1. Taking the range 138-152 on its own, how many of its residues are within 17 Å of the chain's Cα centre (by Cα) and basic (Lys, Arg)?
2. Can you find, within the range 164-173, the residue that is farthest from ligand 2 (Cβ to nearest atom) among those that are touching a residue at least 40 places away in the same chain (Cβ under 8 Å) and either in a strand (DSSP E or B) or of a type in the set (A, V, I, L, M, F, W, C) (or both)?
3. Is it true that GLY262 is small (Gly, Ala, Ser), farther than 18 Å from THR321 by Cα, free of Cβ contacts under 8 Å to residues at least 60 places away in the same chain and not in a helix (DSSP H, G or I)?
4. Any residue at all in the range 230-245 that is assigned to a helix (DSSP H, G or I), more than 16 Å from ligand 2 (Cβ to nearest atom) and modelled with pLDDT of 95 or more?
5. Take the residues of the range 380-393 that are at pLDDT 90 or above and out of contact with any Phe, Trp or Tyr (no Cβ under 8 Å at 6 or more places or on another chain): which is nearest to ligand 2 (Cβ to nearest atom)?
6. Is there a residue being in contact (Cβ under 8 Å) with a residue 12 or more places away in the chain, closer than 26 Å to VAL247 by Cα and surrounded by fewer than 22 Cβ atoms within 10 Å (Cβ to Cβ) anywhere in the range 192-204?
7. Please enumerate the residues belonging to the range 274-300 that are part of a helix (DSSP H, G or I) and touching a helix residue (DSSP H, G or I) at 6+ places or on another chain (Cβ under 7 Å).
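The values are calculated or read from the model by the stated rules, or taken from the named source; none is laboratory data. What you see is a predicted model, and the numbers here were worked out from it, not measured in a lab. Here the Cβ is made from the backbone with ideal geometry for all residues, glycine too, and neighbour counts use every protein chain on show.
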Amino acid sequence: MRRFQRKVVRQLSSTLDAPTPVDVASIRLSRPKRAPPKKEGSWVGLPGLEERIKKEGSLINETLREMDGDEEFKLTAKRLKEHGQAKLTLEEKKRRRRALDKLEVPEFATYLRETAQVEKVGSRRRTKILQVNVGLYCNQACNHCHVESSPKRQEMMTNEVADRCVELIAASPSLTTLDVTGGAPELNGAFRRLVDGARSVKKDLEVIDRCNLTVLSEPGQEDLADYLASQKIRIVASLPCYSSKNVDSQRGKGVFDRSIAGLRQLNDKGYGLENTNLGLDLVYNPLGAFLPPDQAALEAKYREELLEHFGIRFNSLFTMTNMPIKRFADFLWRRGELEDYMGLLVRNFNKATTTSLMCQDTISVNYDGSVFDCDFNQQLSLNLLSETKSSLSIFDLKSTNDLINVNINHDNHCFGCTAGMGSS
Ligand code: SF4
Ligand code: SF4
């Protein structure tokens with residue numbers, strides 16, 4: 001056994017796994033006060049919710065209030081103003097390296113090659129998924145957000161870049177999926193233009209919307225659920241718990257109630273129901289510096305709780321590991337937990353994840369058209385390792401085939417993708 005492995009095992013606990021201490025399976029919601037209506041699928045919890053949300057209006061005011069009262073948000077904004085994004089990203093990278101140095105863990109690529117003895121993980125295959133980040137504007141400001149979105153971010157995709165994405169889809173036969181993310185992608189003007197354009201050039205393309213659910217009750221988005229259903233867009237939505245307290249602590253005050261309202265709207269359109277072909281998947285990520293619990297058991301629990309209390313149905317639940325980057329990396333560092341978290345990721349390295357890393361068959365496009373191996377590299381400004389240019393744009397590509405066999409730009413945050421069930 002290598003020296004660093006001995007040290008990791010000695011320093012961290014004797015168990016080989018450290019899932020979330022939030023015992024999600026034991027959290028039960030309180031029974032509704034009134035007897036639930038008889039009709040299957042009717043609302044049973046949170047009576048009067050839709051009327052209340054309508055009266056409250058946009059979530060953005062609450063999000064901004066919380067941001068202005070939150071010391072961590074204020075500190076990050078101050079540092080960003082003083083040092084600039086590039087310097088903060090470099091500092092963050094150094095912190096991850098220092099944390100691994102203390103654990104005597106080598107760079108990710110070296111670890112794969114020499115310790116895990118994984119071969120051929122480092123180059124790109126044929127691209128199947130085009131992931132497009134249409135902008136950083138969001139009505140929420142979640143405390144783990146790896147793209148640091150909020151209502152204060154104004155970066156948005158232009159029509160020119162959206163149209164170029166459509167051209168690339170048309171020119172790339174291997175692409176099967178368009179995965180649209182943000183921010184809250186639906187609040188970006190380019191969202192519908194991109195989706196409509198993509199559908200027009202490739203009828204059978206799977207389109208995924210990374211929906212935060214609360215956007216469905218934003219003023220001006222009254223037709224959103226109809227639009228998503230009419231385009232047969234698959235919804236992948238974050239819901240880190242089925243308890244209001246846990247969701248609001250991670251994603252902001254009022255987010256749980258509005259998420260429930262959003263799910264109800266989607267169910268009403270046929271999402272998550274059998275035989276409708278309208279996919280609705282939920283995503284769980286831990287509330288702190290822990291790995292997710294068992295996916296199948298958690299999915300069963302979500303299904304039971306959401307159906308019993310709110311009449312909500314969905315297709316699948318995916319558990320994701322929190323990546324040690326951006327807002328979550330800051331959160332860990334300020335609490336002195338970054339070293340422990342990096343150690344946890346290394347200790348739970350899962351060789352099986354290395355055959356299905358997102359970067360092997362995905363291209364991630366930023367709102368400005370620059371392209372990356374994945375969404376995480378995009379946020380860290382880790383460019384694609386092209387031999388022709390230091391920074392590639394979507395305007396440089398004839399088709400996604402141009403990137404076959406190009407080396408992947410791995411770095412130490414990649415331990416987040418190979419721990420447990422991974423983050424891809
Ligand atoms: S995690 Fe999603 S919903 Fe939350 S701030 Fe980031 S982009 Fe918005
Ligand atoms: S962070 Fe990106 S580059 Fe690294 S392993 Fe994950 S998907 Fe691949």
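1. Step one: filter the range 138-152 for residues within 17 Å of the chain's Cα centre (by Cα), giving 138-150.
With the extra rule that they be basic (Lys, Arg), the set shrinks to none.
Count: 0.
2. Selected residue: ALA171.
3. Values: small (Gly, Ala, Ser): yes; farther than 18 Å from THR321 by Cα: yes; free of Cβ contacts under 8 Å to residues at least 60 places away in the same chain: yes; not in a helix (DSSP H, G or I): no.
So GLY262 fails the test.
4. Taking the range 230-245 as the starting set, the residues that turn out to be assigned to a helix (DSSP H, G or I) are 230, 244-245.
So of that shortlist, the ones also more than 16 Å from ligand 2 (Cβ to nearest atom) come out as 230, 244-245.
From the residues that got through so far, the ones that are modelled with pLDDT of 95 or more too are 230.
There is at least one residue in the range 230-245 that is assigned to a helix (DSSP H, G or I), more than 16 Å from ligand 2 (Cβ to nearest atom) and modelled with pLDDT of 95 or more.
5. Our first condition is that a residue be at pLDDT 90 or above; within the range 380-393, this holds for 380-384, 392-393.
Checking the rest, the ones that are also out of contact with any Phe, Trp or Tyr (no Cβ under 8 Å at 6 or more places or on another chain) come to 380-381, 392-393.
On the way: LEU380: 9, SER381: 13, LEU392: 15, SER393: 19 Å.
Looking at residues that are at pLDDT 90 or above and out of contact with any Phe, Trp or Tyr (no Cβ under 8 Å at 6 or more places or on another chain), I get LEU380.
6. No: the range 192-204 contains no residue that is in contact (Cβ under 8 Å) with a residue 12 or more places away in the chain, closer than 26 Å to VAL247 by Cα and surrounded by fewer than 22 Cβ atoms within 10 Å (Cβ to Cβ).
7. If we filter the range 274-300 for residues that are part of a helix (DSSP H, G or I), which is where we start, we get 295-300.
Scanning the range 274-300 gives ALA297, LEU298.
Residue-wise test of (1) of a type in the set (Phe, Trp, Tyr); (2) farther than 30 Å from PHE256 by Cβ; (3) within 16 Å of ligand 1 (Cβ to nearest atom).
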residue	(1), (2), (3)
PRO151	no, no, yes
GLN154	no, no, yes
PRO173	no, yes, no
PRO185	no, no, yes
GLY189	no, no, no
ALA198	no, yes, no
